[in-house]
Each structure stands twice: as structure tokens, then as C-alpha cells.
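Shown next, in C-alpha cells, is the structure this report addresses.
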Amino acid sequence: MALKVLLDSTYLLPSFGIEVEGLSDGHIRALGEAWSRGLVRFYCLSVVWVEVIGKVCREARRSGVEIEPMVDRAVRSLLESGVYEWISPTSDALKLAFRLRSAGHRDVIDNLLYATSITEGMVFLTMDEALKAFLAEHGFSVENLMDHRQLLRKVV
């Protein structure tokens, strides 16, 4: 049975040609291979577009790159390739996200991602050590948080 994996927005940036520190082409190929072998199913939360659009535009402006051709290809790939299953947060996830925000975690998108991963029984694929530290410090489980290296060790 495939492991259900919810992706942090960081893992979508390479689709737009944006390099992510610590995430190599080899890692991306290995993640794709794990998906094609049926070891994992990748999920994306619809609200991550808020972060992705901001990050892609900021990176394009910084590097002086024209983004329109890249955006068309990347968006179609993310939405139509079948690799990613797009979901929305449930009412239980929204309630947990409110608890996280009330506890002091200001990144609402991360709150929604974490909450969805918990309520849906998914691995949350993230490299966000600050989020992990906040969760642990405030008594929330971090057992389902992994980065790509940890995930690949688990499934391969």
C-alpha cells in the first residue's frame, strides 16, 4: 500500500525551475521513482498556491527571468500529470489549524498543511525545522514530519 505524502510548497518549486537548497536532481528523480513504483502517493493542499505564486514571482524577479513560459508548463504538470492529487482542508484540519495559530504559529499555510497531514493520516514532507521545533515545543506530534531523505530511506 502506498504511503500518503502531503507536500510542503518547497517541493513544488523545482517544477518552476527553482532550485531548492538540499533537494538535488537525484532526490527529485528518486521521489518520482518512488511514485511510479507505487510506493508513495503525493498530495497537495490547494491553498499552497498562495505560497507558490509568491515564491515563484519573487525568485523570477530576483533572477531577472521571464516566468510566463515556465509557469504554463509547471502549472499544467502539477495539475494534470496525475502525479499530484489536489485536496482541500477538512473541517477537522481547519479546527486544528486554528489551534496552531492560537498557540502562536503565524504561518497559516504551514498550519493548514500540518493539520491536514494529521487529520488525514499522511506524512508531511517538509524541510521546515522551525515548524518542527514549534510543534514539539507546544506538545504537538512530529512523528509524521519527514524530509525527502527520511522519506526515501523509509520507502526504498
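The values are calculated or read from the model by the stated rules, or taken from the named source; none is laboratory data. None of these values were measured; they are calculated from a predicted model. No Cβ is skipped: glycine too gets one built from the backbone with ideal geometry, and neighbour counts run over all protein chains shown. For the accessible areas, the whole protein counts, side chains as well, though only heavy atoms, and no ligand, DNA or RNA atoms are used. Shrake-Rupley method; radii C 1.70, N 1.55, O 1.52, S 1.80 Å.
Estimated from helices alone, the mean residue ellipticity of the chain at 222 nm is -16000 deg cm²/dmol (sum of -39500 (n - 2.57) over DSSP H runs with n ≥ 4, per residue).
Surface analysis of segment 1-71 yields an accessible area of 56 Å² per residue, using protein heavy atoms and a 1.4 Å probe. Give me the percent of accessible area attributable to carbon and sulfur for the chain, probe 1.4 angstrom. That share works out to 52 percent.
Each residue, Ile53 and Ala133, gets one label point 7 Å from its Cα in the Cβ direction; the gap between the two is 3.1 nm.
Could you state the orientation-averaged shadow area of the convex hull built on the Cα atoms of segment 11-101, in nm² to one decimal? One quarter of the hull surface, i.e. the mean projection, equals 7.4 nm². Please compute the contact order of segment 29-114 in relative form: average sequence separation of alpha-carbon pairs under 8 Å and at least six residues apart, divided by the residue count, as a percent. Relative CO of segment 29-114 lands at 34 percent.
For the chain, the equivalent ellipsoid derived from the Cα gyration tensor has semi-axes of 24, 20, 15 Å, listed largest first.
For q values of 0.20 Å⁻¹, compute log₁₀ I(q)/I(0) with the Debye formula on a Cα-only model of segment 79-119, without solvent. After summing over all Cα pairs, the log10 values are -0.57.
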